[in-house]
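J.: Quick one: structure below, then a few questions.
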Amino acid sequence: MRDNSELTLRKQKDFVRIYNHGTSKGSKYVVVIYKKNNLGYTRTAFVSSKKVGNSVQRNRSRRLMRESFRSFSQRVKEGFDIIFVARNFINEAGEKEVERAMFGAVRACGLIKDRDDQPVTQK
C-alpha cells in the first residue's frame, strides 16, 4: 500500500499537464479531468475555486469529494492522474448525491475496473 502523500497530486507541472492534455467529463456536481500517468498507481486532487463560495464552503466541497471518492476508490483503474473540480452548487447536495455524481463521471471516463454500475457504499 502506498503512502497517501504519493497518491496526491501536488506539483504545478502535473496540474498544468493534466489541464492542458487531459480529457474531461462533467456531472452535476463535479468535473473530472484525467490523464494516463505511466505509474503503477493513481494520483488524485480535489479542487474547489472561489466560485464555490467562501473558504468554509470550499473546504466542505473538497471534504465531500474526498469522502465520496474514498467509497469507490478501490474500483478505479491504476495508472491515471485524476483532478476532481467542484461545481459551484456542490454544497447544496448531500454526500450520497455527490458520490453518485462522481461515480457516474468516473465511470463515463472509463476508469472503473469492473462492469458493475452500482457505487459501493460502506455502512
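J.: Can you tell me which of 96, 51, 36 moves the most in a GNM of the chain? Springs connect C-alpha atoms under 10 Å apart.
T.: 51
J.: Okay, moving on. Which value at 222 nm does the chain reach when only helices count, each DSSP H run of 4 or more adding -39,500 (n - 2.57), with the total divided by all residues and rounded to the nearest 500 deg cm²/dmol?
T.: Rounded to the nearest 500, the figure is -11000 deg cm²/dmol.
J.: Can you divide the C-alpha Rg of region 17-70 by 2.2 N^0.38 Å and report the result to two decimal places? Could you put the intermediate results ahead of the total?
T.: Details: Rg = 12.5 Å, N = 54, 2.2 N^0.38 = 10.0 Å.
My calculation over the Cα atoms of region 17-70 gives 1.25.
J.: Where in the chain are the DSSP H helices whose alpha-carbon span along the long axis reaches 24 Å or more and whose Kyte-Doolittle mean is at least 1.6?
T.: Within the chain not a single helix satisfies the rule.
J.: A follow-up question, please. Subtracting the Cα-Cα distance from 0.36 nm times the residue separation, let me have the gained length for residue 28 to residue 12 in nm, one decimal. Please list the in-between numbers first.
T.: On the way: separation 16, 0.36 × 16 = 5.76 nm, distance 2.67 nm.
Separation in residues times 0.36 nm, less the Cα-Cα distance, equals 3.1 nm.
J.: Something else: Restricting to region 26-123, compute how many DSSP beta bridges are antiparallel as a %, nearest 5.
T.: The antiparallel fraction comes to roughly 65 percent.
J.: Could I ask something else about it? Report the antiparallel proportion of the DSSP beta bridges in region 1-82 as a percent, rounded to a multiple of 5. Write out the running numbers ahead of the final one.
T.: Numbers: 7 of 10 bridges.
Bridges in region 1-82 are about 70 percent antiparallel.
J.: Would you mind computing, in nm to one decimal, how far apart the modelled labels at residue 96 and residue 67 are, each placed 7 Å from Cα along Cα→Cβ?
T.: Rounded to a tenth, the inter-label distance reads 1.4 nm.
J.: Here's another thing I want to ask about it. Please find the FRET efficiency linking residue 75 to residue 51, where r is the Cβ-Cβ separation and R0 is fixed at 35 Å, and quote it to the nearest 0.05.
T.: 0.75
J.: Would you please state the base-10 log of I(q)/I(0) at q = 0.13, 0.16, 0.21 1/Å for the chain, with intensities from the Debye formula using one equal scatterer on every alpha carbon?
T.: So the normalised log intensities are -0.48, -0.74, -1.29.
No lab work stands behind these numbers, since they all come straight from the coordinates. In this text the structure is predicted, and so the values were computed from the model without any measurement. Here the Cβ is made from the backbone with ideal geometry for all residues, glycine too, and neighbour counts use every protein chain on show.
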